[in-house]
Amino acid sequence: MLTFDQYGTEFQRRLVRLCMQDPQTQQIVARFAATGHVRWTCPTAHWAWNILAEREYVSPLMLETEARRLAPDHPARVHATTLATMATDWRDDEYVREQIVEWARQTSFMVAQHASVDAWNKGDREAAYKQMMEFADAVNQLQIGVADRGWFFDEFDSRQSRRRASQSEDVFPSGIEALDRAMGGGGRKGEIEIPVAYSGIGKTFWCVHRGSNACYQYRRVLHFVLEGGRTKTEDRYDARFLNALYSQVKRGDLEADSYNRAMLHQERLRQMLVTRGTGDLRDGWSANCAWVNAEVDFLRQAHGWVPDMIVVDYGDLLAEEGDSEYQRQKVGFRKLKHLSERIDFPGHRGYFVVSPSQAQRPSKGADEKEHVIRPRDIADSYEKVRVADVVLSLNRTVAEKEAGQARVHLAKYRDAEDGETVRVKTDYTRGGFVDLEAGTPPPPAPPIP
């Protein structure tokens with residue numbers, strides 16, 4: 001029997017943490033645990049693995065709750081809470097995967113060799129040969145790849161793990177109850193959401209609202225700013241997080257409670273949000289999806305940081321190839337959709353991408369009458385709608401603007417019925433959609449001239 005002694009207790013805890021999010025790694029460990037070839041030398045890792053083996057799905061929150069129930073003298077208690085709240089690092093995870101695959105191959109060889117030698121000594125050469133051939137087949141199967149390929153009937157357990165995970169850590173609620181209910185909880189990794197609105201209605205504010213909501217759920221957000229400058233977007237985030245007036249944030253004029261709130265956010269949400277502008281590009285209007293992908297790769301390789309949500313504000317401005325604006329936007333949003341489904345390492349399930357788009361300019365007086373923007377109203381290229389998983393429209397009349405209200409319309413959702421319209425309150429002076437309420441009465445209709 002081989003143990004994990006050579007890897008140390010920290011490695012064992014990180015391995016269990018990785019198994020919680022990577023079904024392929026979990027299956028390799030479970031295979032050898034079932035045959036008795038795994039012996040944990042870290043009490044915390046052993047305790048956590050037993051929980052993982054007994055339940056269909058274990059989240060960090062569930063593990064943290066179980067850790068608090070341990071008796072004070074339980075040997076696993078020392079590192080149990082640390083394991084539950086352990087920060088993930090792509091580089092460490094890759095190292096753990098490589099090591100556990102090599103360990104599994106060595107264990108397979110040891111088992112096959114003993115069985116083969118035993119059969120040979122008994123004069124059963126055919127059985128000895130069979131044991132070694134089975135070992136070769138087993139080693140070939142001990143791979144954790146990233147190819148977008150699936151052996152359907154062999155991977156049912158992996159699909160179940162993915163589905164269970166998608167009901168918790170892969171869901172990104174919008175914060176609008178009726179809207180999230182219609183979307184089965186919210187957007188998901190592997191999907192692209194396109195908010196559509198007329199100019200000045202609140203597309204950037206929606207992006208800030210989406211990003212801040214994800215941070216509060218401890219999801220990592222990478223926010224690309226293609227227009228208006230990174231500084232303004234960061235000021236809006238601060239206004240949102242600190243519940244402070246945007247004008248005060250811009251001046252750095254924060255009251256004591258806002259400053260204290262900032263320090264609390266800095267401590268709790270550290271590394272949850274990265275903003276990326278175009279100020280370092282020779283031509284700020286040359287940003288394209290290749291540049292977006294390069295930034296994602298750089299953050300992963302240089303910092304071990306992998307986002308859960310990617311915001312591109314906004315996709316219409318991507319400088320893609322094409323001989324017309326129609327073609328450029330068609331290509332740009334197709335690449336953003338591909339980015340949402342991109343598999344960057346074993347166990348990775350893609351990104352949730354949010355990228356607004358402009359609606360066709362309304363006719364004169366259109367903002368006097370209540371209506372909703374529909375997919376057909378998207379500007380320049382309808383192909384953007386074809387690749388979208390979610391299309392939302394932000395709608396507001398003059399009367400609603402004066403009343404601090406708007407309407408969010410679910411114009412398209414690939415996995416369920418759409419058509420839901422929700423009235424919300426807005427407060428752009430504090431960063432955007434900061435006071436969301438369903439069912440608020442509409443403002444009075446404008447007087448008939």
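The values are calculated or read from the model by the stated rules, or taken from the named source; none is laboratory data. Everything quoted here is computed from the prediction, not taken from an experiment. Neighbour counts run over all protein chains shown; Cβ positions are idealised from the backbone, glycine included. Protein only, heavy atoms only, side chains kept; ligands, DNA and RNA dropped before computing areas. Shrake-Rupley method; radii C 1.70, N 1.55, O 1.52, S 1.80 Å.
A compact table of results
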| read-out | value |
| --- | --- |
| Residue match in the stretch 70-77 (condition: more than 26 Å from Arg349 (Cα to Cα), among the acidic types (Asp, Glu) and surrounded by fewer than 15 Cβ atoms within 10 Å (Cβ to Cβ)) | yes |
| Filter result (farther than 23 Å from Arg210 by Cβ and surrounded by 18 or more Cβ atoms within 10 Å (Cβ to Cβ)) within the stretch 347-366 | Gly347 |
| The stretch 87-119 - residue that is among the hydroxyl-bearing types (Ser, Thr, Tyr) and within 25 Å of the chain's Cα centre (by Cα) and, of those, most open to solvent (accessible area, probe 1.4 Å) | Tyr95 |
| Qualifying residue in the stretch 195-216 (condition: closer than 16 Å to Pro307 by Cβ and open to solvent by 60 Å² or more (accessible area, probe 1.4 Å)) | yes |
| Residues (of a type in the set (D, E, K, R) and under 22 Å from the mean Cα position of the chain (by Cα)) located in the stretch 39-86 | Glu56, Glu64 |
| Count - residues of the stretch 350-359 that are polar (S, T, N, Q) and assigned to a loop (DSSP other than H, G, I, E, B) | 1 |
| Sole exception among (1) modelled with pLDDT under 80; (2) buried (at least 16 other Cβ atoms within 10 Å of the Cβ) for Thr3, by number | (2) |
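Let's see how each residue does on (1) in contact with a Ser or Thr (Cβ under 6 Å, 6 or more places away or on another chain); (2) part of a loop (DSSP other than H, G, I, E, B):
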{"site": "His348", "(1), (2)": "no, yes"}
{"site": "Arg361", "(1), (2)": "no, yes"}
{"site": "Lys364", "(1), (2)": "no, yes"}
{"site": "Glu370", "(1), (2)": "yes, yes"}
{"site": "Ile373", "(1), (2)": "yes, yes"}
{"site": "Asp380", "(1), (2)": "no, yes"}
{"site": "Lys384", "(1), (2)": "yes, no"}
{"site": "Val391", "(1), (2)": "no, no"}
{"site": "Leu394", "(1), (2)": "no, no"}
